[in-house]
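Asks: Structure provided below as structure tokens; questions to follow.
The values are calculated or read from the model by the stated rules, or taken from the named source; none is laboratory data. These numbers come from a predicted model, not from an experiment. Cβ sites come from the backbone with ideal geometry, for glycine too, and all protein chains shown count toward neighbours. Accessible surface areas use protein heavy atoms only, side chains included; no ligands, DNA or RNA. Shrake-Rupley method; radii C 1.70, N 1.55, O 1.52, S 1.80 Å.
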Number of protein chains: 2
Amino acid sequence: MKKPEILILGAGYGGLMTAVNLQKKLGVDEAHITIINKHDYHYQSTWLHEGAAGTIHQDQIRIPIKDVITQHKVKFLKDTVIEIRPNEKQVILENNKLTYDYLVIGLGFEPETFGIKGLKEHALFIRSINSVRFIREHIEYCFAAYNNESEKRDELLTIVVGGAGFTGIELLGELANRIPELCREFDIDRRKVRLICVEAAPTALPGFNPALVEYAMNQLERKGIEFKIGTAIKECTETSIIVAKDENVEEIKAATVIWAAGVRGNSIVEKSGFEAMRGRVKVNSDLRAPGYDHVFIIGDCALVINEEIDRPYPPTAQIAIQMAETCADNLVALVRGKDNLKEFVPDIKGTVCSLGHDDAMGVVFGEKQLYGAQASIMKKVIDNRYLWKLGGLSLVLKKGKLNFF
Amino acid sequence: MKKPEILILGAGYGGLMTAVNLQKKLGVDEAHITIINKHDYHYQSTWLHEGAAGTIHQDQIRIPIKDVITQHKVKFLKDTVIEIRPNEKQVILENNKLTYDYLVIGLGFEPETFGIKGLKEHALFIRSINSVRFIREHIEYCFAAYNNESEKRDELLTIVVGGAGFTGIELLGELANRIPELCREFDIDRRKVRLICVEAAPTALPGFNPALVEYAMNQLERKGIEFKIGTAIKECTETSIIVAKDENVEEIKAATVIWAAGVRGNSIVEKSGFEAMRGRVKVNSDLRAPGYDHVFIIGDCALVINEEIDRPYPPTAQIAIQMAETCADNLVALVRGKDNLKEFVPDIKGTVCSLGHDDAMGVVFGEKQLYGAQASIMKKVIDNRYLWKLGGLSLVLKKGKLNFF
């Protein structure tokens, strides 16, 4: 009998954990498993903001795929997905064309700019190792330019973060820690540097308990961050942003604008004919795409409704990793000819938002609120726990966050 | 009796060494000595190319002025010289106006672009800590941008060095060592990077023995540097240079163009009414400016003829340091009411040109040619010897080049 071909698209949290789960659960002779990824490394997208700020090096954020897959069980192919043809059970890659029996789509997120003028052209995005390394270098370049010009352009030292959601706040926490280092490196007076956060919603961190939100904002304001809440970015130009609060329109000169206010699922998903909202497909309870029994969609491209509040769960690493477990179990069942597929039930263990390496806040174990050092330690435990799942102790030691105090 | 006021303009090799010599030779009650400099640090301009390449950090290149002057003997004033009025014995600073009894002009060099179109606007210059830190960041920025753009622009990875003189060759040596590190840091294939040296003269390193020139070029070519000798830069644009060899005109796309083919004395010297050629004043044999008995000019703003070949000595650190000794001795004589001023006689001990931290070539002790590791060690000895003169053992240990092997 021919072994079924399982293709996994994308080596993010969802795709790579599916591969790791499958290599544990399936025997070598039960299936051909191939994972396809644009780069030969996996990166932790929840750590990307740290690479952008320059507080950790990109090599701590990324993990060579071959370091975590068992190569006689899972084949890694470095290629870029162009299109999926679910009706022909085909995937078109940049350099190849593959067919599958079972497909796992874990193609991750893209920035969503909501059509705001000039953002795509002039803003920077937290998206990949390449993009955050560029942000780090862009900021250093601006700081280096400041003292090298006879006329001092203060906008070189102004950094705007668009969005005070989870990513925006975590990025601000890292930048607040990084700025004093940059000032020393480039001989710049700290008081010349502006770090501005613009958020259109009436509050920072929507969905968080107000006490936690207040804590976060106070801590960041103490470190010199200016918040403009209830203020929308109307346009981004090459040298500034134009913002509006109620009727008041203001132009802020800034050489660095980082957009951290919206993500969507990968646009390949829509282009391939799946019915999707902003690249996210409302999957069946067993994580399969409606109408396509051989296609699983997980991670940021999958949409699952939280029945309690009748709204989608936000796309997080936590959910992607849990989806990967259910997805792997269901693939094992299908390969073995069973049809009792599991239902995906998210188990939200809490959310901790870091405010730099030394501070954090959040909720864990249902209702317990944590602040400061305690929350910061919990955040690192969560980060290391994922590395443990992915590659065991050796990976925790190699890439983990072990600077607890 | 009123103590005479000695003003020293500039804390480069000439100015700072004059101050250090004076504080050794003059008693506290013999003169008021003030040294004026734009920054509160001295930098070693012969190491600047290493900062530009990123092979050493700017903090190793610079030394806080207060670390080497004896503050009860020499006063340091951080200010920028705008104009000298030798007829009124006045110096106009950005924030002050001072009068002097004796003046030492050690205002250093400026890049000379010989009127080549676009160079001033688009090329980068090895001129100061600020300018070389910017070069380092500019190159990193281009390398970071390369992988962050969907369309790959190879010119981001092309670096052009204008000039194969001493500075150009030393810079190429450092860049050749740095490029493999940059390729690792930014995930770039080394074969994509081009390092091109354009030199208008018919040979690299004019004035050096042909055997040494050949050694240098072979070593650098082995490390992947392309030489275009006898080729003139006609124009520098935002994205390219236009070069010509005989009748052949070629445009080379390059995001980084570093001009290392010409320096001149500080233009303040001409603006202040001294008779100068490219900012250099042909000084009397006692280093005083013709017609101004109270003004010494030393370092890159001074021109001294080498009678043997009837051409000016090139402006080097070695000569500036020797001038500082004669200048200090002559100031001591004047302050003490003597008129037997010393004649400045350069004592050229040799010239070693580095080709990266691990290679060099040159001539020492008159005629002895050195190559490779031996020359490289000699180069470091020369560098450390200056630190010894300036600040003794502690400065050698703090800022010296101690990586001999």
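Asks: Looking only at residues in region B:115-143 that are over 14 Å from B:ILE179 (Cα atoms) and of a type in the set (D, E, K, R), which one is surrounded by the fewest Cβ atoms within 10 Å (Cβ to Cβ)?
Replies: Filtering first and then ranking leaves B:GLU121.
Asks: Going by what's in this entry, would A:LEU334 be described as among the aliphatic types (A, V, I, L, M) and free of Cβ contacts under 8 Å to residues at least 24 places away in the same chain?
Replies: Numbers: among the aliphatic types (A, V, I, L, M): yes; free of Cβ contacts under 8 Å to residues at least 24 places away in the same chain: no.
For A:LEU334, the condition - among the aliphatic types (A, V, I, L, M) and free of Cβ contacts under 8 Å to residues at least 24 places away in the same chain - is not met.
Asks: Answer yes or no: is there a residue in region B:160-167 that is touching a Gly at 6+ places or on another chain (Cβ under 7 Å), more than 28 Å from B:GLY350 (Cα to Cα) and more than 12 Å from every other protein chain (Cβ to nearest Cβ).
Replies: Checked region B:160-167: no residue is touching a Gly at 6+ places or on another chain (Cβ under 7 Å), more than 28 Å from B:GLY350 (Cα to Cα) and more than 12 Å from every other protein chain (Cβ to nearest Cβ).
Asks: Still on this structure, please answer the following. Going by the structure shown, is A:THR203 in a loop (DSSP other than H, G, I, E, B), open to solvent by less than 20 Å² (accessible area, probe 1.4 Å) and in contact with a helix residue (DSSP H, G or I) (Cβ under 7 Å, 6 or more places away or on another chain)? Before you say what the answer is, go through the steps one by one.
Replies: Details: in a loop (DSSP other than H, G, I, E, B): yes; open to solvent by less than 20 Å² (accessible area, probe 1.4 Å): no; in contact with a helix residue (DSSP H, G or I) (Cβ under 7 Å, 6 or more places away or on another chain): yes.
Here the answer is no, as A:THR203 does not meet what is asked.
Asks: Mind listing just one residue for me: the one in region A:12-41 that is of a type in the set (Gly, Ala, Ser) and under 16 Å from A:VAL269 (Cα atoms) and, of those, surrounded by the most Cβ atoms within 10 Å (Cβ to Cβ)? I'd like the intermediate steps shown before the answer.
Replies: Residues of region A:12-41 that are of a type in the set (Gly, Ala, Ser), as a first pass: A:12, A:14-15, A:19, A:27, A:31.
Those left that are additionally under 16 Å from A:VAL269 (Cα atoms): A:12, A:14-15.
Working: A:GLY12: 24, A:GLY14: 33, A:GLY15: 27.
Ranking the qualifying residues of region A:12-41, first place goes to A:GLY14.
Asks: While we're on this one: Restricting to region A:263-293, what's the tally of residues that are surrounded by fewer than 16 Cβ atoms within 10 Å (Cβ to Cβ) and in a loop (DSSP other than H, G, I, E, B)?
Replies: 5
Asks: Would you point out the residue of region A:118-137, among those that are touching a residue at least 24 places away in the same chain (Cβ under 8 Å) and among the charged types (D, E, K, R), that is nearest to A:ILE61 (Cα to Cα)?
Replies: Ranking the qualifying residues of region A:118-137, first place goes to A:ARG133.
Asks: What pairs come out if I take residues in region A:63-91 that are on the phi > 0 side of the Ramachandran plot and pair them with residues that are open to solvent by 30 Å² or more (accessible area, probe 1.4 Å) whose C-beta lies under 8 Å away, six or more apart or interchain?
Replies: A:LYS89/A:THR99; A:LYS89/A:ASP101; A:LYS89/A:HIS294
Asks: Would you say A:THR158 is at pLDDT 95 or above, open to solvent by 30 Å² or more (accessible area, probe 1.4 Å), hydroxyl-bearing (Ser, Thr, Tyr) and in the same structural domain as A:LEU220 (by TED's automatic domain parsing)?
Replies: Details: at pLDDT 95 or above: yes; open to solvent by 30 Å² or more (accessible area, probe 1.4 Å): no; hydroxyl-bearing (Ser, Thr, Tyr): yes; in the same structural domain as A:LEU220 (by TED's automatic domain parsing): yes.
Taking the combined requirement at face value, the residue does not satisfy it.
Asks: Sticking with this structure for a sec: Do we find that A:THR55 is open to solvent by 10 Å² or more (accessible area, probe 1.4 Å) and in contact with a Gly (Cβ under 9 Å, 6 or more places away or on another chain) in this structure? Before you say what the answer is, go through the steps one by one.
Replies: Values: open to solvent by 10 Å² or more (accessible area, probe 1.4 Å): yes; in contact with a Gly (Cβ under 9 Å, 6 or more places away or on another chain): yes.
For A:THR55, the condition - open to solvent by 10 Å² or more (accessible area, probe 1.4 Å) and in contact with a Gly (Cβ under 9 Å, 6 or more places away or on another chain) - is met.
Asks: Also, I was wondering about something else. Output the residues belonging to region A:180-200 that are out of contact with any helix residue (DSSP H, G or I) (no Cβ under 7 Å at 6 or more places or on another chain) and within 20 Å of A:TRP47 (Cα to Cα).
Replies: Within region A:180-200, just A:GLU181 meets the criteria.
Asks: Would you say B:ALA176 is of a type in the set (A, V, I, L, M, F, W, C) and open to solvent by 20 Å² or more (accessible area, probe 1.4 Å)? It would help to see each step written out before you state the result.
Replies: Values: of a type in the set (A, V, I, L, M, F, W, C): yes; open to solvent by 20 Å² or more (accessible area, probe 1.4 Å): no.
No: the conditions fail for B:ALA176.
Asks: Let me ask another. Do we have A:ARG311 as surrounded by fewer than 16 Cβ atoms within 10 Å (Cβ to Cβ) and basic (Lys, Arg) here? First the steps, then the outcome.
Replies: Values: surrounded by fewer than 16 Cβ atoms within 10 Å (Cβ to Cβ): yes; basic (Lys, Arg): yes.
Answer is yes for this residue.
Asks: Does any residue in region B:381-405 that is basic (Lys, Arg) come within less than 6 Å, Cβ to Cβ, of a residue that is assigned to a helix (DSSP H, G or I) six or more places away or on a different chain, and which pairs are these?
Replies: Filtered contacts from region B:381-405: B:LYS399/B:GLN60; B:LYS399/B:LEU387; B:LYS401/B:LYS380; B:LYS401/B:ASP383.
Asks: Also, quick follow-up: Are there any pairs, at least 6 apart or on different chains, whose C-beta atoms fall under 9 Å, with the first in region A:156-175 and on the phi > 0 side of the Ramachandran plot and the second of a type in the set (A, V, I, L, M) and open to solvent by less than 10 Å² (accessible area, probe 1.4 Å), and if so, which?
Replies: What qualifies is A:GLY163/A:ILE169; A:GLY163/A:LEU171; A:GLY163/A:VAL198; A:GLY163/A:ILE258.
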